[in-house]
Amino acid sequence: MNSSETTQEMTFDDAEVHHFMELALQIAERGLEIGEVPVGCLLVHIPSKQVVGYSYNLTSLTRNATRHCEIECFAQLHSHIFEALTSEPPVDLTPHGAFLLPSELAPLKNHTIHSIITPYVEKYGLCGQISVDMQRLAYYLSHDCCIVVTVEPCVMCSQTISLAGVKLVYAGKSRSSLNMTNNPTEHKPKHHSISFFSYIRLRE
């Protein structure tokens, strides 16, 4: 089976996409309530249909222009992998995180995510160097994940998504429709191609 066939199989049906997009929209709305740029993102493990990362933008709260919601999702995944490998609690990278969590995302607050990570540990093994093991597991996990985001990722985030190994992105709105610059379609990712299922219609 070639990679394109695999990618086509690793997708959601319309109802599932809209379900996850609705969750991303709830997260974006929470960001707006606390003065953030209202963009919400989920990193979803496709085989289990479980969310393994979620965030709104944190650029305003942290005064850090790199902390887009897509980047935060990957940081959260790394944090949970660290916890699974070391049994140490993950670092809370998300200000106001306790107020961000819709009930649908409750698995991120318990050990359900460990059941997703464990098969990857068993399949690919560990070398004993925590930084290397985290990077390898995150890469293999990301290969089986998709991004669900309310606004099309910028160039920075598109490159990060590509390097992480994610091949599917479901976007709610295009950047051009919102008169936003930094359109990723003008700067194709260098690592591998990403299939954009744009644009999932959002409720007003």
So who's got an amide H within less than 5 Å of the one on Gly53, skipping anything under 5 residues away but keeping other chains? H placed 1.01 Å off N, in plane.
Leu43
Can you bin the range 7-91 into rounded, prolate or oblate? Criterion: square roots of the alpha carbon gyration tensor eigenvalues sorted a ≥ b ≥ c, rounded for a/c under 1.5, prolate for a/b above b/c, oblate for the rest.
oblate
Heavy-atom accessible area order for Glu33, Glu22, largest first, 1.4 Å probe:
Glu33, Glu22
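Whenever you get a sec, line up Ser87, Ser115, Ser60, Ser79 from highest to lowest accessible area (probe 1.4 Å, protein heavy atoms). Present the calculation step by step, with values, prior to reporting the outcome.
Values: Ser87 105, Ser115 75, Ser60 45, Ser79 15 Å².
If we order Ser87, Ser115, Ser60, Ser79 from most to least accessible, we get Ser87, Ser115, Ser60, Ser79.
The values are calculated or read from the model by the stated rules, or taken from the named source; none is laboratory data. No experiment lies behind these values; they were computed from the predicted model shown. SASA here: full protein model, heavy atoms, side chains in, ligands and nucleic acids out. Shrake-Rupley method; radii C 1.70, N 1.55, O 1.52, S 1.80 Å.
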